[in-house]
Amino acid sequence: MADPSVQDAVVVHLPTLTRFVAYRVSDQDDAKDVLAETVCQFIEYCQRTDRVIAHPRGLLFRIARMRLVAYYETKSNRAGDITIEDAPELPAAGSLERRVEAREQLEQVHAALAEMREEDRELITLTAMLGLTIAEIAEMLETSPGAVRVRLHAARKKLKKRLRENEARTPHEEHVDHT
């Protein structure tokens, strides 16, 4: 039986961890397998070590990342990446015009992220979409918080630059009323 604090860590971080894995594995059954393997490995590690785990979420994500690498090593292609078409629909609240605008912005961010290096894309995803802290990302990537801060700052700067460049290349459509 796992230590209650270990179980608590799993329960608290499971929703975010599930999103992290589901974002990278489109097949629901495969995602569940990766998630189960991650949780089992985390519990086994916690039972084997006497070390105090300062950032259990970071460790969970590091294990998940390793499990994902193993998963993709067994796959012949990377068809599991989420596409913009797979993104959840926007909530019904608000005007249609606002929802279309928000969807276009999401597509612009997705396009800009797609042009970036995987390492930069991952840092932005971990912070902006999954809410991990610098310390948790450092634990996950097995590096220092300072290194994560520097890399994250550079990744955000690159994303902003890409968004500006893409905005400059995209011709602005005029809305013409045909009534």
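The values are calculated or read from the model by the stated rules, or taken from the named source; none is laboratory data. A quick note: this is a predicted structure, and the numbers were derived from the prediction, not measured. Because the Cβ atoms are built from the backbone with ideal geometry, glycine has one as well, and the counts that use them run over all protein chains shown.
For the stretch 128-138, a residue qualifies if it is more than 18 Å from VAL21 (Cα to Cα) and not in a helix (DSSP H, G or I), but none of them does.
Answer with yes or no whether ASP27 is without any contact (Cβ under 8 Å) to a residue 24 or more places away in the chain and loosely packed, with under 15 Cβ neighbours inside 10 Å. It is false that ASP27 is without any contact (Cβ under 8 Å) to a residue 24 or more places away in the chain and loosely packed, with under 15 Cβ neighbours inside 10 Å.
Please specify each residue of the stretch 139-152 satisfying the condition of being of a type outside the set (Asp, Glu) and either within 18 Å of ARG121 (Cβ to Cβ) or part of a loop (DSSP other than H, G, I, E, B) (or both).
At the first step, the residues of the stretch 139-152 found to be of a type outside the set (Asp, Glu) are 140-141, 143-152.
Passing the criteria: MET140, LEU141, THR143, SER144, ALA147, VAL148, ARG149, VAL150, ARG151, LEU152.
The residue that is farthest from MET140 (Cα to Cα), counting only those in the stretch 11-21 that are buried (at least 19 other Cβ atoms within 10 Å of the Cβ) and of a type in the set (A, V, I, L, M), is VAL21. Within the stretch 34-66, being hydrophobic (A, V, I, L, M, F, W, C) and surrounded by fewer than 18 Cβ atoms within 10 Å (Cβ to Cβ) holds for ALA36, CYS40, ILE43, VAL52, ILE53, ALA54, MET66. Being assigned to a loop (DSSP other than H, G, I, E, B) and either polar (S, T, N, Q) or modelled with pLDDT of 85 or more (or both) is a property that does not hold for THR125.
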